[in-house]
Amino acid sequence: MKLLTTNFVQCAVKSCSSSSNCFPLHFTECELVHEDLEFDEDFIKNVMVKIDWPALLSVTRDIGNNSLPEEKPNIESCDEQVLRDLHLVLLETQIKDGKMICKNCDHLYHIKNTIPNFLLPPHLA
Amino acid sequence: MKPTPLTAACDNVYEPFEDSFFLLDCLELEEPVLRGFKAPLVAEIGCGSGVVSAFLPSLIDLYIPMASDVNPAACTTTLSTWEKNSNTYNPKLPEIEVVRGSLLGFLRPNLVDVLVFNPPYVSTSDVPKLEDYDQEDMRWVDFALDGGEMGMEITNIVLENLSRYLSPHGVAYILLCANNNPKKVVENVEARGYFAHKISERRAGREILSVYRFSRNELDQH
Ligand SMILES: C[S@@+](CC[C@H](N)C(=O)[O-])C[C@H]1O[C@@H](n2cnc3c(N)ncnc32)[C@H](O)[C@@H]1O
Ligand SMILES: [Zn+2]
């Protein structure tokens, strides 16, 4: 699962969806891999429009990456290098195996062989 | 006509069939609409073999590809199918994110720009229950066809959640068969403030299939 996707997923438990704590999930025991992808300036700019910055910071800190600035960079005026760094973090960094925990209900989700599993046991579905 | 993607071996996964190929043709007709989005999040529900998801790179330049399925074999097969075709893709296109999960219940609201779903649309007495299947089960393919009452039990959940899933300009492409009573489906979706547009209709054996586009905003017909 790409780090980009951590910005899109939340706890799948219905009763959590109204809680502001169901996103972002807390990431732990993550094994990361790097997947090369050619850089495209317009694409990463358009992707950044969708990004919730505080949530991205929370997840990157969870996985031990403190390279991102506190404030969301201004995408229209920043250096190309900033965009390249974002491309690296969001699109080239994959969680191969790991765990995701809901900060509201503590439900644990697994990522195995890059595939996150959000299926719920019957009593939560 | 764009070439049909190669698919990986479908063990315990729905093999691309007439419905899958009809959906590809309908999506191809929608190329002008699809190309209007900027870096859209495109999510396929129930990706099965991955044939539909693997076709989309021929219609949209750069986007955020995502797919879900409850069937664990469908998830790995979709990744293999994507891989098999990736030499034909734009090298700047990220690899598809395949998520094991039910529908799009794991996504934050209002993110999906393009939703695609070839649902289990066959009318059956029940829909299979997840708790009756374990990871290694050889019957996961049951989920591909069994649509419960009027074949609409799963599709209805998606239709009821359109306003949760879709972004403000989002569109959903959903395949229906005649037994689903498309007329009634359209009425229900329109009653919720959506526009419905039939892309095309095709006879496939005993079935008459149609693909509809549902959107919050009215789009140009072409
Ligand atoms: C008719 S098959 C379509 C497969 C493929 N997209 C195609 O067109 O060839 C329906 C797919 O939906 C999946 N499915 C059924 N219920 C689902 C659910 N609740 N969430 C996600 N996928 C589901 C099935 O496992 C199956 O792969
Ligand atoms: Zn939760």
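Throughout, read-outs are computed from the coordinates displayed, never taken from laboratory work. From a predicted model like this one, the values you see are computed outputs, not experimental measurements. Don't worry about glycine lacking a Cβ; one is built from the backbone with ideal geometry, like all the others, and counts go over all protein chains shown.
Using unit Cβ charges (K, R positive; D, E negative) and no other charged atoms, how large, in debye to the nearest 20, is the dipole of chain A about its Cα centre? Mind dumping the intermediate values first?
Working: 11 positive and 19 negative charges, 165 e Å.
Result for chain A is approximately 800 debye, rounded to the nearest 20.
Test of the criteria: in the stretch B:176-222, which trypsin sites (Lys or Arg not before Pro) are in a DSSP loop and have at most 15 other Cβ atoms within 10 angstrom of their Cβ?
Counting only loop positions with at most 15 other Cβ atoms within 10 Å, the trypsin sites (Lys or Arg not before Pro) in the stretch B:176-222 are B:ARG192, B:ARG206.
Farthest toward the dipole's positive end in the stretch B:73-198, which of B:LEU107, B:CYS177, B:ASN90, given Cβ charges of +1 (Lys, Arg) and -1 (Asp, Glu) about the Cα centre?
B:ASN90
Considering every pair of different Cα atoms, what Kirkwood radius, in Å, is found for the stretch B:98-186? Present the calculation step by step, with values, prior to reporting the outcome.
Working: mean 1/r = 0.0710 Å⁻¹.
This gives a value of 14.1 Å.
Treating the beta-carbon of each Lys and Arg as +1 and of each Asp and Glu as -1, no other charges, what is the dipole magnitude of chain B about its Cα centre, to the nearest 20 debye?
Numbers: 19 positive and 32 negative charges, 156 e Å.
Around 740 debye, computed over chain B.
Under 10 Å, Cα contacts only: if you run a Gaussian network model on chain A, which one of A:ASP106, A:ASP42, A:ASP85 comes out with the highest mean-square fluctuation?
Of A:ASP106, A:ASP42, A:ASP85, the Gaussian network model singles out A:ASP42 as fluctuating most.
For a footprinting-style exposure proxy, rank B:MET66, B:MET1 by other Cβ within 10 Å, fewest first.
Values: B:MET66 26, B:MET1 6.
The most exposed by this proxy come first: B:MET1, B:MET66.
Enumerate the whole-percent occupancy of each 10 Å bin, from 0 to the last occupied one, for all C-alpha pair distances of the stretch B:22-61.
Taking all Cα pairs of the stretch B:22-61, the binned fractions are 28, 61, 11 percent.
Starting from the Kirkwood radius over alpha-carbon pairs of the stretch A:1-89, derive D by Stokes-Einstein at 25 °C in a medium of 0.890 mPa s and give it in µm² s⁻¹. Don't skip to the end; give the middle numbers.
Numbers: Rh = 14.2 Å.
D = 172 µm²/s.
Run the paramagnetic zone check for B:LYS184: 7 angstrom along Cα to Cβ, then residues of the stretch B:102-132 with backbone nitrogen under 19 Å.
The answer is B:119-127, whose backbone nitrogens lie closer than 19 Å to the label point.
How do B:LEU56, A:LEU37 line up, fewest other C-beta atoms within 10 Å first?
Numbers: B:LEU56 22, A:LEU37 18.
Neighbour counts put them in this order, fewest first: A:LEU37, B:LEU56.
For B:SER53, B:SER123, what ranking results if the residue with the fewest other Cβ atoms within 10 Å of its Cβ goes first? Can you show the working numbers first?
Working: B:SER53 25, B:SER123 16.
Lowest count first: B:SER123, B:SER53.
For the protein assembly as shown, report the convex hull volume of the alpha-carbon atoms normalised per residue, in Å³, without decimals. Working shown, then result.
On the way: hull volume 47.5 nm³, N = 347.
Normalising the Cα hull of the protein assembly as shown by residue number yields 137 Å³.
Rounded, prolate or oblate, given the Cα gyration tensor of the stretch B:1-115, with a/c below 1.5 counting as rounded?
On the way: a/c = 1.45, a/b = 1.10, b/c = 1.31.
Rounded.
Test of understanding: what is the full-extension gain from B:GLU201 to B:SER125, defined as 0.36 nm times their sequence separation minus their Cα-Cα distance? Kindly include the intermediate steps, with their values, before the conclusion.
Numbers: separation 76, 0.36 × 76 = 27.36 nm, distance 2.62 nm.
In short, 24.7 nm is gained.
Using +1 on the beta carbon of Lys and Arg, -1 on that of Asp and Glu, and nothing else charged, what's the dipole of the protein assembly as shown about the Cα centre, debye to 20?
Details: 30 positive and 51 negative charges, 152 e Å.
Dipole magnitude for the protein assembly as shown comes out near 720 debye.
Can you pick out the pairs among A:LYS14/A:LYS99; A:LYS50/B:LYS92; B:LYS2/B:LYS92; B:LYS84/B:LYS198 whose Cα atoms lie more than 22 Å from each other? Write out the running numbers ahead of the final one.
Details: A:LYS14/A:LYS99 20 Å; A:LYS50/B:LYS92 18 Å; B:LYS2/B:LYS92 20 Å; B:LYS84/B:LYS198 32 Å.
Cα-Cα > 22 Å for B:LYS84/B:LYS198; rest within.
Going toward the positive end of the dipole of the stretch B:71-169, with +1 on Lys and Arg Cβ and -1 on Asp and Glu Cβ, which of B:LEU166, B:MET152, B:PRO120 do you reach last?
My answer, from the dipole projection, is B:LEU166.
Quick check: residue separation of B:MET1 and B:GLU136 times 0.36 nm, minus the Cα distance between them. What number comes out in nm?
Values: separation 135, 0.36 × 135 = 48.60 nm, distance 3.79 nm.
Stretched fully, the B:MET1-B:GLU136 segment lengthens by 44.8 nm.
Can you work out the FRET efficiency for the pair A:SER20 and B:PHE17, with r the C-beta to C-beta distance and R0 = 25 Å, to the nearest 0.05? Intermediate values should be presented prior to the final figure.
Details: r = 43 Å, r/R0 = 1.73.
Working from the Cβ atoms, E equals 0.05.
Rounded, prolate or oblate: pick one for the stretch A:70-118, where a ≥ b ≥ c are the square roots of the eigenvalues of its C-alpha gyration tensor, a/c under 1.5 means rounded, and failing that, prolate if a/b is larger than b/c, else oblate. If you can, show how the numbers build up before the last one.
Numbers: a/c = 4.79, a/b = 1.97, b/c = 2.43.
Taking the square roots of the gyration eigenvalues as a ≥ b ≥ c, the stretch A:70-118 is oblate.
Cα-based Rg of the stretch A:19-60 per 2.2 N^0.38 Å, rounded to two decimals?
Values: Rg = 13.3 Å, N = 42, 2.2 N^0.38 = 9.1 Å.
The reported ratio for this selection is 1.46.
For the stretch B:75-90, in order, what is each residue's ³J(HN,Hα) by Karplus, 6.51 cos²θ - 1.76 cosθ + 1.60 with θ = phi - 60°, in whole Hz (x at glycine and Pro)?
Karplus-based 3J(HN,Hα) across the stretch B:75-90 equals 5, 6, 5, 4, 4, 5, 5, 4, 4, 4, 9, 5, 5, 8, 8, 4 Hz.
For chain B, which longest stretch is free of loop sites, where a loop site is one of the GluC sites (Glu not before Pro) that DSSP puts outside H, G, I, E and B and that has at most 13 other Cβ atoms within 10 Å?
Numbers: sites that count: B:GLU136, B:GLU218.
Result, exposed sites excluded: B:1-135.
Hey, got a sec? Which GluC sites (Glu not before Pro) in the stretch A:1-90 land in a DSSP loop and have at most 16 other Cβ atoms within 10 Å? Could you put the intermediate results ahead of the total?
Working: sites: A:GLU29, A:GLU31, A:GLU35, A:GLU38, A:GLU41, A:GLU70, A:GLU71, A:GLU76, A:GLU80; in loops: A:GLU35, A:GLU38, A:GLU70, A:GLU71, A:GLU76.
Those that pass, being in a loop and sparsely packed, are A:GLU35, A:GLU38, A:GLU70, A:GLU71, A:GLU76.
Label points 7 Å out from Cα along the Cβ direction at A:ASN66 and A:ASP42: separation in nm?
For A:ASN66 paired with A:ASP42, the spin-label model returns 3.9 nm.
Residues of A:108-117, mean number of Cβ from any other protein chain within 10 Å of their own Cβ, rounded to a whole number? Walk me through the numbers on the way to the answer.
Numbers: counts 0, 3, 1, 2, 2, 3, 5, 10, 8, 7.
Taking the mean over all residues of the peptide, I get 4.
Based solely on C-alpha atoms, express the radius of gyration and the Dmax of chain B in angstrom.
16.1, 46
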